[in-house]
Amino acid sequence: MPSRIDLRLLFRFGLCLLFRPLLCVGIAIGISAAEGVRPNVIFILADDLGWADLSCYGSRFHRTPNLDQLARDGMKFTQAYAACSVCSPTRASILTGKYPARLHLTDWLPGRPDMASQKLSRPTIRQQLPLEEITLAEALQSAGYITAHIGKWHLGGKGFEPTRQGFDLNMAGDEAGSPRSYFAPFQRNGRFMPGLENAPDGEYLTDRVTAEAEKFIEQNRARPFFLYLAHYAVHIPLKAKAEFVAHYSAAKGGFQTNAIYAAMLESVDEGIGRIMGKLKETGLSERTIVIFTSDNGGLATLEGPNTPATSNAPLREGKGYPYEGGIREPLLVSWPGVIKPGAVSMAPVCSIDFFPTLLELCGVAKPAPVDGVSFSTILRDPAAVLPERALFWHYPHYSNQGGKPNGAIRRGDWKLIEYFENERLELFHVSDDISESKNLALEKPEVAASLRTELANWRKAVGAQMPAANPGYRPPHENAGGSIALHARDAEVHGAQLRYEPIPRKNTLGFWVRAEDWASWEFETARPGRFEVELLHGCGNGSGGSEVKVAVADQELVFTVKETGGFQNFVRRSIGQIDLSKSGRYSISVRPIRKPGLAVMDLREITLKRL
């Protein structure tokens, strides 16, 4: 029986025989203009761009006139998803049509190492896109397309480059997840980004990859081509042209205020205009499918200088989280003469769907069963309906942004999130609650149970890898001064609405609108002793008066919450002392006794100070 890699080669050269009898040797680069009846494909992928970042998706701060024009000329999707809340898995799903869980490539590469603070250990994942997988580039290449990868790859290093995965040309792509430099020279520690060794000092990376894309279009105007332009922008480190940053420094735009990020996006948008202009100049506009999307949600938490990058409001959270802000993406598709200008689709589609969709539009046979489904019927008719199905996510990792191991499923308007640390379920009706503000798991237990079973069955079917208990786990413990800090991000929440809110201006346990909800922490002490208990909390005007019980080691401290002038106006307060008679591991809980106002409080931290 032939191996999977043999089957891949048979497919490649078999399709070559089927579609291009004269092009069975080498790569298909000699097609005459008369044969170029298949549409060209330009797939433009932004990095870490949020759903709400474009003007045509509601941003009042960012300037995206060319992307807005792309939306007017083609179709805008309002419920498009990435297959993962971080980059490499989504990129793998685009190129293969398969869920990252099936590929065992479920985190950014190489991934975040396990830490002692984590209750679970991550599974061992593949460190590159396997060569035996048939990529979109290989399928199109075998049908006579010339193929180019320009920009970020992040799916493997030496031996797993784009040119080993069906791309005739690679510019700037290697194993790196962020650019070696946003300004020329494009190198770090003497190592250059592939193909960018010669560049004028100060050239901006986004401009350079756009120029390379224009060059590729010009040189291949007489043959069908697939151009995969994967921008490094708007990924950290945030760097932009000074003149663009100046445009935004005094601007106002609601939740979005980051001038550097806005300037980076403006360069991406400017590049879109240049590419569309090149298609018009070469007469290729009506023969070219243009797709623009992102690989995960916008970075809405602190992760290096000048962050958070953006706000995904009204969506909840961002990159690294299973909520809509982490996985819902802008998606624009243009094909003049085929896609009706100004069309809008509310169909839930996913990055796994690009593979079958583009092959169908290009008249190329799908090589093997994939997880995605074609949405070509929707592109031709916005009123068309896709077959009923569920969408799945699997992230058995801790993200750099604070997300914890989880899985998720969306079926119809229902979305369920399951956290693997404690099997906590969160259920949302996303069409009525786009912000995922009301967890309905306790109100709709039958819906939650059904979706949980379906999610578990899917994991089994695709061979999803699960995290395991971390043998080196160690909860918060005493620092050199003898204090133990219990931060909101480390809390285990119980109930329906209480949650950790990671955005920097909050960084707290919030939405404490139910007296039944409570929180707990584990911690360790090095030796017995007496500790003073301090809270860092906030309470809005009119919501004071809640009675709260703090319990640890059969001891209870009861206090009344006082107003602080705002839920995010945090005040440190001592509520009493506790005695811990031995060293070791303890659990502390915070439970409301009664709640007369809108919410109990926001709680950012508990500190146990040794006396």
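Readers should treat all values here as calculations from the given coordinates under stated rules, not as data from a laboratory. Note that the coordinates shown come from a computational prediction; the quantities given were computed from them, not determined experimentally. Counting neighbours? That spans all protein chains shown, and the Cβs are built from the backbone with ideal geometry, glycine included.
Restricting attention to segment 483-610, lysine pairs at least eight places apart or on different chains and with alpha-carbon atoms under 16 angstrom apart total 4.
Taking the Cα centre of segment 161-220 as origin and assigning +1 to Lys and Arg Cβ atoms and -1 to Asp and Glu Cβ atoms, the resulting dipole is close to 220 debye. Note on segment 97-118 and segment 265-316: Cα centroid distance 25 Å, given to the nearest whole angstrom. Diffusion of the chain by Stokes-Einstein, at 10 °C in a medium of 1.306 mPa s and with Rh set to the Kirkwood radius over alpha-carbon pairs, works out to 62 µm²/s. A Förster distance of 41 Å, applied to the separation of the beta-carbon atoms of ASP207 and THR377, puts the FRET efficiency at 0.65. FRET efficiency for LYS215 and VAL37, Cβ-Cβ distance as r, R0 = 30 Å, nearest 0.05? Computed FRET efficiency for LYS215 and VAL37: 0.80.
Annotation: the antiparallel percentage among DSSP beta bridges lying fully within the chain is about 75.
Give the shape of segment 482-530 as rounded, prolate or oblate, defined through the alpha-carbon gyration tensor: a ≥ b ≥ c are the square roots of its eigenvalues, a/c under 1.5 means rounded, and otherwise the shape is prolate if a/b is larger than b/c and oblate if not. Oblate is the answer for segment 482-530, as a/c is 1.5 or above yet b/c matches or exceeds a/b. Take the Cβ atoms of ALA251 and ASP554, set R0 to 60 Å, and the FRET efficiency comes out at 0.60. In straight-distance terms, cross-link reach from LYS152 covers every one of the lysines whose alpha-carbon lies under 19 Å from its own, apart from those fewer than eight places away in the same chain; here that gives LYS215, LYS239, LYS319. Determine the distance separating the Cα centre of segment 194-248 from the Cα centre of segment 65-89; give it in Å without decimals. Taking the Cα centre of segment 65-89 as reference, the centre of segment 194-248 is 19 Å away. The length gained by stretching the chain between ALA365 and ALA384 to full extension, at 0.36 nm per residue less their Cα-Cα distance, is 4.6 nm.
Within straight-line reach of LYS460, meaning a Cα separation under 17 Å, sit the following lysines at least 8 residues removed in sequence or on another chain: LYS98. Taking every alpha-carbon pair within segment 483-610, the share separated by more than 21 Å comes to 33 percent. Across segment 99-139 the C-alpha pair distances fall into 10 Å bins from zero in the proportions 25, 45, 21, 8, 1 percent. Quick one: Cα centre-to-centre distance for segment 506-541 and segment 343-386, in angstrom? What the calculation gives is 48 Å, centre to centre.
The orientation-averaged shadow of the Cα convex hull for segment 152-271, equal to a quarter of the hull surface, comes to 8.8 nm². Fully extending the segment from SER450 to ASN470, taken as 0.36 nm per residue of separation minus the present Cα-Cα distance, adds 4.3 nm. Counting only residues at least eight positions apart within a chain, or on another chain, the lysines with an alpha carbon under 17 Å from that of LYS76 are LYS340. What the Kirkwood sum gives for segment 377-462 is a hydrodynamic radius of 14.1 Å, with every pair of different alpha carbons counted. Just check segment 244-350 against the gyration tensor rule for me: Cα atoms, a ≥ b ≥ c as the square roots of the eigenvalues, rounded for a/c under 1.5, and otherwise prolate or oblate depending on whether a/b exceeds b/c. Oblate is the answer for segment 244-350, as a/c is 1.5 or above yet b/c matches or exceeds a/b.
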